[in-house]
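The values are calculated or read from the model by the stated rules, or taken from the named source; none is laboratory data. Source: prediction; values computed, not measured. Glycine also receives a Cβ, built like all others from the backbone with ideal geometry; neighbour counts cover every protein chain displayed. With ligands, DNA and RNA removed, areas are computed over all heavy atoms of the protein, side chains included. Shrake-Rupley method; radii C 1.70, N 1.55, O 1.52, S 1.80 Å.
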Amino acid sequence: MTSTDKDAPRIDERPIGPVMVTGGMPDDAVAEILAALERGRPTMFAFCNAHSVNVARRDPVFAAALRRMTVFNDGIGLQIASRAVYGRRFPANLNGTDLTPRLLAAVPDRTRVFLLGSPPGIAERAGQIIAERYPQVIVVGAANGFFTAGEAPALAQRIRNSDAHLVLVGMGQPRQELWAAEWTETIGAVTCCIGAFLDFTAGVVTRAPEWAQRSGMEWAYRLAQEPRRLVRRYVLGNPSFLLAMTGVAMRHRLAGKRDRT
């Protein structure tokens, strides 16, 4: 590494299924987003977990949207897949709930942030809390995620008119990524797809205990909270993901053996 790039983020990209996933330490991921904010050009960031890969495998439109973004690794499933296929884990687990507070604490003074997602009233409540916790942030607007396709153009124009530098989008996968892919150029800001961060910040959803987060079992806690919504994602989706990644790992090893012969 030269003297000119010694302070550059130490990121590591590798495909997990159809998704190119970017790994690194949390500070490296934050630095990537801060660099995009400094450039001032429309740029998209998202997070990929096992569910993301499953959706991308069956939905080419979602997979194409993710290819236009920097997609950080999220969850133990990605770590297992990376270890199985490439023989190494990602440097750290990155997720929107943990990384977004780091980002908000690190953004420059008077960074203008728009919040989009969650049921009515939640983004506004989260915005009040964010404004109190991060005094260098100016929350320039908030909107719920329950809008129709016909309302999307006016919403995008509202965000553009707010002169937001950063838009935090929490509408669940794949809707948040599909929205970002369609409208980021129009709104002219950096967009980050952050999942349930607004719900957690507003206090309407309880985060898993630290032991569950550290052990990679946060998904089980969320399943217990919302079994009807998440049972297919976790009880059926996780085994499907692991089975698919096992097949990828076997093909990867066979290809390596052929290359050595």
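Values as computed for the structure displayed
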read-out	value
Other-chain or far-sequence residues with amide H under 5 Å of Val139's (modelled H)	Val113
Where the Cα pairs of segment 16-154 fall when distances are cut into 10 Å bins, in %	11, 33, 37, 17, 2
Asp109 accessible area, 1.4 Å probe, all protein chains in place, Å² to nearest 10	120
Rounded to 10°, Cα long-axis angle of helix 175-187 versus longest principal axis of the chain	50
Integer Hz, Karplus 6.51/-1.76/1.60 couplings in order for segment 189-197, x for Gly and Pro	9, 7, 10, 10, 8, 10, x, 8, 4
Surface share of carbon and sulfur [accessible, 1.4 angstrom probe, percent] for segment 152-237	54
HN-Hα J in Hz across segment 32-47 - Karplus 6.51, -1.76, 1.60, θ = phi - 60°, x for Gly and Pro	4, 6, 4, 5, 5, 4, 5, 5, x, 10, x, 9, 10, 10, 8, 10
Using a Förster distance of 45 Å, the FRET efficiency for Tyr86-Ala152 (Cβ separation, nearest 0.05)	0.75
Solvent-accessible area, 1.4 Å probe, carbon plus sulfur percent, for segment 12-91	51
Largest to smallest accessible area among Leu242, Leu116 [probe 1.4 Å]	Leu242, Leu116
Computed [θ] at 222 nm, deg cm²/dmol, the chain (DSSP H ≥ 4; -39,500 (n - 2.57); rounded to nearest 500)	-15500 deg cm²/dmol
The chain - accessible surface per residue (Å², probe 1.4 Å)	51
Length-normalised contact order of the chain in % [C-alpha pairs under 8 Å, at least 6 apart]	22
Heavy atoms of Glu151 accessible to a 1.4 Å probe, total area in Å² rounded to 10	100
Translational D in µm²/s for segment 129-261 (Stokes-Einstein at 25 °C, 0.890 mPa s, Kirkwood Rh from C-alpha pairs)	135
Estimated vicinal HN-Hα couplings, Hz - segment 159-164 in sequence order (Karplus 6.51, -1.76, 1.60; Gly, Pro = x)	5, 4, 5, 6, 6, 5
FRET efficiency, Ile129 to Leu236 (Cβ-Cβ, R0 35 Å, nearest 0.05)	0.50
Under-5 Å amide H pairs with Ile194, H placed in peptide plane, nonlocal only	Val169, Gly170, Met171
Nearest-0.05 FRET efficiency for Arg251 and Thr206, computed from C-beta distance (R0 41 Å)	0.50
Hydrodynamic radius by Kirkwood, which averages 1/r over all alpha carbon pairs of segment 60-127, in angstrom	15.0
Solution diffusion estimate, µm²/s, Stokes-Einstein, the chain, Kirkwood Rh from C-alpha pairs, 20 °C, viscosity 1.002 mPa s	112
Taking only Cα atoms of segment 194-252, radius of gyration then Dmax in Å	14.3, 45
